[in-house]
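Reading through the structure tokens given below for one structure.
The values are calculated or read from the model by the stated rules, or taken from the named source; none is laboratory data. As the structure is a computational prediction, the values presented were derived from the model and not from experiment. All Cβ positions, glycine included, derive from the backbone under ideal geometry; neighbour counts span all protein chains shown. Note: accessible area is taken over every heavy atom of the protein model, side chains too, but ligands, DNA and RNA are not part of it. Shrake-Rupley method; radii C 1.70, N 1.55, O 1.52, S 1.80 Å.
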Amino acid sequence: MTGHAVLYQAAALCLGYPDEEFHERLPLLKAAAPPEFDDFLTYAATTDPRELAAHYVRVFDFKNRHSLYLSWWREGDTRRRGMALVRFKEVYRAHGLEFSGEELPDFLPAVLEFSARAGPVLLLEHRSGLELLRLALADFGTPYAAVLDAVCASLPGPSPKDRAEALALARSGPPREDVGLEPFALIGER
């Protein structure tokens, strides 16, 4: 495994839900992960498993601005997101892999596992969302930010287009649709 492959596989494990299997793998992860993960892994190893799980839920399950679903950053909760998810599956298939996870194919830990095998093609396509997630996690003050720092640092520097897209997303947020809600007016709009 190349250095980036090890980094992506370690990041995939770190960004998954910290269940019993995660805690069983923690010593191996500490031995194999690159040094950029030391602070997060020390935090994970020294935090009560229930508190670590509660922290994960607070960080990732209650805030869209911390979404681990890469297509959300560009497509939001719109119908276009379905096509984006199809694109993820097509890329997996093009590299000889069939996505069969319980999560959606754009779930960052799944994309990182794929990237460990096939390279960062999907990470590069969704670089602006990754950068926004990295910044949001840093602002939130979670140790998970170090994991995103390492992933983003492994990618080639953002092009001006990526930087511009990230700034535009940060200003406006992902797109939204109110399709099917026409008969319901917001209070005050009547």
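Observations, loosely collected:
- Neighbour-limited loop hits for GluC sites (Glu not before Pro), region 46-101 (at most 11 other Cβ within 10 Å; DSSP other than H, G, I, E, B): Glu98
- 1.4 Å probe accessible area per residue over region 1-145, in Å²: 50
- In Å², nearest 10: area of His4 left accessible to a 1.4 Å probe: 100
- Using bins of 10 Å that start at zero, the share of Cα-Cα pairs per bin across region 1-117 amounts to 13, 39, 35, 13, 0, in whole %.
- With a Förster radius of 25 Å applied to the C-beta separation of Ala32 and Phe140, the computed FRET efficiency comes to 0.40.
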